[in-house]
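Below: one structure, written as structure tokens.
The values are calculated or read from the model by the stated rules, or taken from the named source; none is laboratory data. Note that the structure is a prediction, hence the values are computed from the model and not measured. In this analysis, Cβ positions are derived from the backbone assuming ideal geometry, glycine residues included, and neighbour counts consider all displayed protein chains.
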Amino acid sequence: MSSCIGCNAQGSLISDTLGLCRDCIESDFETHHAHLESVHRRVRADFGMPLMSPREPDGLACDVCARSCSMLPGQKGYCSVRGNADGDIVVPSETPGAAFVEVRLEPLPNSCAAAFACPGCSAAGYPKYSRSRGAESGFNCLAVSYNSCNFNCLFCEHWEFREKAAPEYLMTPEQVVQQIDDSVTCLRFTGGDSIPQIEHALQVAELAARETRGRILRLCWETNGSLRHSYIQRIARLAFESGGLIKIELKAFSPKIHYALCGISNRQVLNNFRALQKVAAQRPEAPLLAASTVLVPGYVTPTEVWRISQFMASRGPATPYALLAFFPHFHLNDLPCTSREHAASALDSARDAGLKRLRLGNTFYIEEQAYL
């Protein structure tokens, strides 16, 4: 049982890694900011990653994401894959234009958090964006998983990507597109996150769209949503035209809780979500935008879910929203699984806030027992 360094409270819903309860993070964030920063630095040190976003006054600025890194020659950004190479911001590798990536075929319907609203796994978008009046059984999604990220989520489900920014994972856009056969109706960019290697993802998407012109190939993204607005516009256009879907994981609504869990503010994420809601309103027959949130015990409470849901519902009450049960892993491995009571209350909160399309995912992780 862990204790909070702020108020000395003890309980199973306080992470030993964070050392702070939710209330102290919210009520006295400035006091505890340095402590939270040190938590994230320690996690990154374990993987030999940059501890902080470089802010070199004479450095070269990277304009891809909310980190706003500025790097001297030879220096890497926070994501640890982008760097200043002789005056250019690139992903350094021996193969020009390549990215650290893995690809896999997933039979449809798949386990994507937004599957309940996707043309490939539901009745949405038929016949323009789907081959079936329902799930596209017999077809596949090609998942393109990037071994990089610009967040430092303490509950990262796929944390192993940090060990895979290695030469054996390099693939050019052409090599990725070669994996697309006639069975593939969905191309999903995931990770990690494609953000640090977004130029590669855009090249893959644009090349795939040209190569499959005349048939259905949805271009979809799963992302933390912290891209610069110009890049968000580009992926929105590709997803919009192809019948694809952009699923953003809204980790928290409170910027303080978001920082504690992920090491970064959520301002850019929320701004981008608002912009995407405007685009999504133009294609009601097949959702362009969806969201998900992991119900981290003690930190992502039903009240937090209500705030996220109210934010979404104020501009798009039909926005699909998946609440995902938490399983203890990575650096929040001392917290319990999401309880049935927590999950049910979070769903009620989302409904009360005005959202109409809800799903509870990762139900196999849910514990029937209440939190101690």
For the range 50-61, pairs from a residue that is under 15 Å from GLY263 (Cβ atoms) and without any contact (Cβ under 8 Å) to a residue 40 or more places away in the chain to a residue that is hydrophobic (A, V, I, L, M, F, W, C) and surrounded by 13 or more Cβ atoms within 10 Å (Cβ to Cβ), with Cβ under 7 Å and 6 or more apart or across chains, are SER53/CYS69; PRO54/CYS69; PRO54/MET71
Residue set PHE311, PHE326; condition among the aromatic types (Phe, Trp, Tyr) and out of contact with any strand residue (DSSP E or B) (no Cβ under 9 Å at 6 or more places or on another chain); output residue PHE311
When you check PHE161 against the structure, is it of a type in the set (Phe, Trp, Tyr) and surrounded by fewer than 23 Cβ atoms within 10 Å (Cβ to Cβ), yes or no? yes
Considering residues that are without any contact (Cβ under 8 Å) to a residue 40 or more places away in the chain and aromatic (Phe, Trp, Tyr), the number found within the range 100-129 is 1
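Results for (1) modelled with pLDDT of 95 or more; (2) under 25 Å from GLY263 (Cα atoms); (3) of a type in the set (A, V, I, L, M); (4) buried (at least 23 other Cβ atoms within 10 Å of the Cβ), shown as yes or no for each residue.
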| site | (1), (2), (3), (4) |
| --- | --- |
| ILE89 | no, yes, yes, no |
| PRO96 | no, no, no, no |
| VAL103 | yes, no, yes, no |
| GLU106 | yes, no, no, no |
| ALA113 | no, yes, yes, yes |
| ARG133 | no, no, no, no |
| PHE155 | yes, yes, no, yes |
Exception for SER309 within (1) hydroxyl-bearing (Ser, Thr, Tyr); (2) in contact with a Gly (Cβ under 8 Å, 6 or more places away or on another chain); (3) farther than 17 Å from GLU249 by Cβ falls at (3)
Restricted to the range 325-358 and to residues being loosely packed, with under 15 Cβ neighbours inside 10 Å and under 30 Å from SER38 (Cβ atoms), the residue nearest to the chain's Cα centre (by Cα) is HIS329
Picking from THR190, THR172, the residue that is under 19 Å from CYS149 (Cα atoms), surrounded by fewer than 24 Cβ atoms within 10 Å (Cβ to Cβ), of a type in the set (S, T, N, Q) and out of contact with any Phe, Trp or Tyr (no Cβ under 9 Å at 6 or more places or on another chain) would be THR172
In the range 63-75, residues that are under 22 Å from PRO255 (Cβ atoms), buried (at least 19 other Cβ atoms within 10 Å of the Cβ) and of a type outside the set (D, E, K, R) total 4
Taking the range 209-231 and the residues there that are aliphatic (A, V, I, L, M) and crowded, with 24+ Cβ neighbours inside 10 Å, the one that is nearest to CYS156 (Cα to Cα) would be LEU227
Checked GLY316, GLY298 against criteria (of a type outside the set (S, T, N, Q), without any contact (Cβ under 8 Å) to a residue 40 or more places away in the chain and in a loop (DSSP other than H, G, I, E, B)); the one match is GLY316
